[in-house]
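*Asks:* Mind having a look at this structure? Questions to follow.
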Amino acid sequence: MQFLEINNIHKSYHLADGAELPVLKGINATFGPGEFVSIVGESGGGKSTLMNIIAGLDSEYSGDVSINGRSLKQMNERELDQYRRENIGFIFQSFNLISHLTILENVLVGLEMTNLTHADQVKKAKHLLTEVGLEKRENVYPNQLSGGQKQRVAIARALATDPQIIIADEPTGALDEQNTQEILKLLDRIAAQGKLVIAVTHSQAVAKHGTRIVHLDHGILDHDETLKKPYNDISQQSTLGSHHLRFRAIIQMALKHMQRNFGTNLLITLGGAVGIFSVVLMLALGRGIGGYISHEISGNLNPTTSEVTHKVKDGNTAAVEMTAKDISKLKGLTQVTHVEKGFFMPSVQVQYHGRNVTTSYSQTYNRTFLRKNLIKGKNPTDNNSIVLSRDIAKKYNKQHYQNLLGKTVTVYVNATDEHQRPVLLKKEVNVVGLTKSSNTAVLSWETVANMAKDQNVKLKPTFLAVTVRQLKDVKPFEAQAKKLNYKLTGVGSYINTINQYVSLASYVLAGIAAISLIVSAIMIIVVLYISVGTRTKEIGILRALGVRKADIRALFVSEAMILGLLYSVLGLIFAELLGLVINTAAKGFVHYSIIQLAPSFMLFAILVGVLISLVAAWAPARKAAKLDPIEALSYE
Ligand SMILES: Nc1ncnc2c1ncn2[C@@H]1O[C@H](COP(=O)(O)OP(=O)(O)OP(=O)(O)O)[C@@H](O)[C@H]1O
C-alpha cells in the first residue's frame, strides 16, 4: 500500500454551452512520504485540477484517490472537511492570507480546529512563525509584509495542523530570486521531515530543487522522473486530532471582521438602535401614561370600591332599582367586604340665604369617596349632613368660601314615588365638609332616605357601592359581577378600560416605529451580501483549511447576531437616557415618571433585535456556505 495513490483519474468540466471539456484523461501515480514532487506541464494541462482532487476540494471525477489505503471517493462532505483539516496544508501563489487577521491569527485558524489547548495553539503558532523567520512580528497584518514574508506565513499556516501532505500551487510564482530560494529551502526542510510536498510549478529551476518531477500534458501524465531518493519514507500521522471550528473561535473571527469594518457596522448599529429605541419608547410611554392615569384616578377615588347597577338597554341605570336580592348576590362574592346602598341624584339644589345653586350630578356617600379629596371638614356619614364641592361654596362667597362649613343649607332632591311620579324631597342639612371635586353635593344614604320618608316615599337604591378586599381583587370581582349581568361604573373598571385604550394606542405606535426595524433588517441583508462578495476568497481559504459549510454559515450569522445584540442594547440605552430626561422634565408638571421601561420591554427589545438580525442573516449566510471552495479560491 502506497501513502498516496491516484488511480485512473478522469475529470471533465461542463462548459456553459453544454460542451464537455476533458481535462484529466486517466492519471495514475503514487507518492510517498519525504518526497518533494514538482508537477510541471503546459498551462491548462490540468495541474491545478489534479491538486484540487488530491486535496479533497473537488469530488466530481471518476477514478479514485486514496491516502494510507483510505479512499476519498468513499468520504462524504464532512469527512472530506476533516481530511483536509488533518492531512492537507495549502500554499498558494498569491499567499491567500486573511487580511483582517494578524499573521498569528492566520496561523491560528487551522490550529483552532485541533485538540490542543488554546495556550498550546498560541505557543505552536508562535513557534511556527519563528521557524519561518517571522518571530516578533506576529501581531502585524498581512498587508504590512513583503511577498516573501507573506509566503512564509502561508507556510507556517500550512504546517500548523501537522498535515502529511503540503500542496503548493506555484509557491514561488510571485517571488523574486532570493525569496524563491528561501521558500524552496523551507519546502525542502518540510519534505525532509517526512512530509509529502507536491508543488505545481512552471519553473524548471524550482522543479529541479525537488526529489521528483512529474510532467502533465493534455490530461496525461507523460513523464515521471526521480531526481533523488525521498528524504524519509516514514509517514508520520498527525497526533493533534481535529474538530470543527468551535463557537468561541467563530465569534472571535466575527468580532475581528466587524472591528475591521467598524464604520459600516457603526452605521448599522445606529440605524437598528433608532428602531429599537422608538419601539421601546412608545411601549414605555404607554405604560407610563397608563400608570399616570391609574395613579391620578385612584388618587381621587377609591379604586377598591365599584358602583354596581343593572345593565339596561336605554342607559338609564338610575331608574332601575337594586333589590335586597342584588345585595345578597353581591355580598356572596368571595372578594366583597362591603355593599352599601346608593342613590344617583341627577341634580341637587342647594339653597342658602335665599340663593339657589344647582349641582350637575350627585350621589349618596359611599366608600368610593376618599378622605384626601376633602379640603376641609369630614365626609357626610352622619344623618342630615352634606359635603359640597369648593366651586359650589364659591358661588355663595367667592373669597371666603370656607365660611360655608358648619352652616345650615336647604337641599332639594328629585326622586320618584312607587308610581314613578316625581317627588321633590327637601331638608335642612349641615355643611360638614368641602371637597375638591367639581359641581357636586354628597349626602349620606340615610339622609336622603329620611328625606323620602318625610314625603311617605320609600327610597330605593339605584346603585350599590361594592368594596373588595384589595386592588388585585378588583378584576376578578368585576369579571364575576359582569357574569351576573351587572354593569360596573367603579374607578377600577375605568382604570382598566382607559389602560386598555392607552396600551392599544402605544402598541399601534410601537408597531409604526417597528417599521424602522424592517429598514435595519434590509441594511443588514445588504451589508452581509456585500460582505459575502468581498470575503469570497476568505471563504475559499477557510474551506481549504477544513472549515465546514456549517461553520461558514455560523460565522455570518454570528456577525448579524452580534450586530442585533449591539443595536438592541444601544437602543435600550438611548430609551433609558431619553426616558430619564423626559421624566425629569415631566416631574415639574405631573409628579410622575411618564416613561416607564419595564424589564419585559428590555427582554423583548433584545429578542426582537437578535431575531431580526438572524432572519436577515439567513439568506446571505446560506449563500456564503454554499460557495464552491475552488471557485471561491480563484475569485479575483
Ligand atoms: N471550473 C472550470 N470550468 C471549466 N473549465 C475549467 C474550470 N477550471 C479549469 N478549467 C479548464 O481546465 C483546464 C485545466 O485547468 P487547470 O487550472 O487545471 O490547468 P493548469 O495546468 O493548472 O494551468 P496553469 O498552469 O495555467 O495554472 C483549463 O483549460 C481550464 O480552462
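The values are calculated or read from the model by the stated rules, or taken from the named source; none is laboratory data. The structure displayed is predicted, hence computed values, not measured ones. For neighbour counting, all protein chains shown are included, and Cβ atoms are generated from backbone atoms with ideal geometry for every residue, glycine included. Accessible surface areas use protein heavy atoms only, side chains included; no ligands, DNA or RNA. Shrake-Rupley method; radii C 1.70, N 1.55, O 1.52, S 1.80 Å.
*Asks:* Residues to consider are Asp224, Asp233; find the one that is more than 16 Å from the ligand (Cβ to nearest atom) and either modelled with pLDDT of 90 or more or not in a loop (DSSP other than H, G, I, E, B) (or both). Walk me through it before giving the result.
*Replies:* Working: Asp233 fails: either modelled with pLDDT of 90 or more or not in a loop (DSSP other than H, G, I, E, B) (or both).
On inspection, the qualifying residue turns out to be Asp224.
*Asks:* Starting from residues that are aromatic (Phe, Trp, Tyr) and assigned to a helix (DSSP H, G or I), keep the ones in the range 589-636 and report whichever is surrounded by the fewest Cβ atoms within 10 Å (Cβ to Cβ).
*Replies:* Phe589
*Asks:* Then there's this: Regarding His215, is this residue of a type outside the set (Lys, Arg) and surrounded by fewer than 19 Cβ atoms within 10 Å (Cβ to Cβ)? Let's see the steps before the verdict.
*Replies:* Details: of a type outside the set (Lys, Arg): yes; surrounded by fewer than 19 Cβ atoms within 10 Å (Cβ to Cβ): yes.
Yes; evaluated as a whole, the condition is true for this residue.
*Asks:* Can you find even one residue in the range 80-97 that is under 38 Å from the mean Cα position of the chain (by Cα), in a helix (DSSP H, G or I) and among the hydroxyl-bearing types (Ser, Thr, Tyr)?
*Replies:* yes
*Asks:* Could you grab the pairs with beta carbons closer than 6 Å, sequence gap of 6+ or different chains, first residue in the range 161-173 and of a type in the set (A, V, I, L, M), second one open to solvent by less than 10 Å² (accessible area, probe 1.4 Å) and within 16 Å of the ligand (Cβ to nearest atom)?
*Replies:* What qualifies is Ile167/Met51; Ile167/Ala55; Ile167/Ile198; Ala168/Ile91; Ala168/Ala199.
*Asks:* Before we move on, is Val431 buried (at least 21 other Cβ atoms within 10 Å of the Cβ) and either in contact with a helix residue (DSSP H, G or I) (Cβ under 6 Å, 6 or more places away or on another chain) or touching a residue at least 12 places away in the same chain (Cβ under 8 Å) (or both)?
*Replies:* yes
*Asks:* Please enumerate the residues belonging to the range 325-357 that are exposed (fewer than 13 other Cβ atoms within 10 Å of the Cβ) and outside any loop (DSSP other than H, G, I, E, B).
*Replies:* Result: Lys325, Ser328, Arg355, Asn356.
*Asks:* Shifting gears a bit: Pairs please, first residue from the range 178-200 and over 13 Å from Arg152 (Cβ atoms), second anywhere and assigned to a helix (DSSP H, G or I) and within 16 Å of the ligand (Cβ to nearest atom), Cβ atoms under 8 Å, 6+ apart in sequence or on different chains.
*Replies:* Correct list of pairs: Ile198/Met51; Ile198/Ile54; Ala199/Val206; Val200/Lys47; Val200/Ser48; Val200/Met51.
*Asks:* Oh, and also: For the range 19-30, state whether one or more residues are assigned to a loop (DSSP other than H, G, I, E, B) and either within 12 Å of the ligand (Cβ to nearest atom) or assigned by TED's automatic domain parsing to the domain that holds Ile220 (or both).
*Replies:* Pass one, the range 19-30, residues assigned to a loop (DSSP other than H, G, I, E, B): 19.
Now drop any that are not either within 12 Å of the ligand (Cβ to nearest atom) or assigned by TED's automatic domain parsing to the domain that holds Ile220 (or both), which leaves 19.
Yes, that holds for at least one residue.
*Asks:* A further question follows. Any residue at all in the range 169-181 that is away from the ligand (no atom under 16 Å from the Cβ), in contact with a strand residue (DSSP E or B) (Cβ under 6 Å, 6 or more places away or on another chain) and part of a strand (DSSP E or B)? Show your work before the answer.
*Replies:* Residues of the range 169-181 that are away from the ligand (no atom under 16 Å from the Cβ), as a first pass: 175-181.
Within this subset, residues satisfying the condition of being in contact with a strand residue (DSSP E or B) (Cβ under 6 Å, 6 or more places away or on another chain) are none.
Scanning the range 169-181 turns up no residue that is away from the ligand (no atom under 16 Å from the Cβ), in contact with a strand residue (DSSP E or B) (Cβ under 6 Å, 6 or more places away or on another chain) and part of a strand (DSSP E or B).
*Asks:* Now for a different question. With respect to His310, is the statement that it is within 30 Å of Thr416 (Cα to Cα) and either among the hydroxyl-bearing types (Ser, Thr, Tyr) or at pLDDT 90 or above (or both) true?
*Replies:* Details: within 30 Å of Thr416 (Cα to Cα): yes; either among the hydroxyl-bearing types (Ser, Thr, Tyr) or at pLDDT 90 or above (or both): no.
It is false that His310 is within 30 Å of Thr416 (Cα to Cα) and either among the hydroxyl-bearing types (Ser, Thr, Tyr) or at pLDDT 90 or above (or both).
*Asks:* Something else: Would you point out the residue of the range 1-22, among those that are closer than 16 Å to Val214 by Cβ and not polar (S, T, N, Q), that is most open to solvent (accessible area, probe 1.4 Å)?
*Replies:* Ranking the candidates gives Glu5 first.
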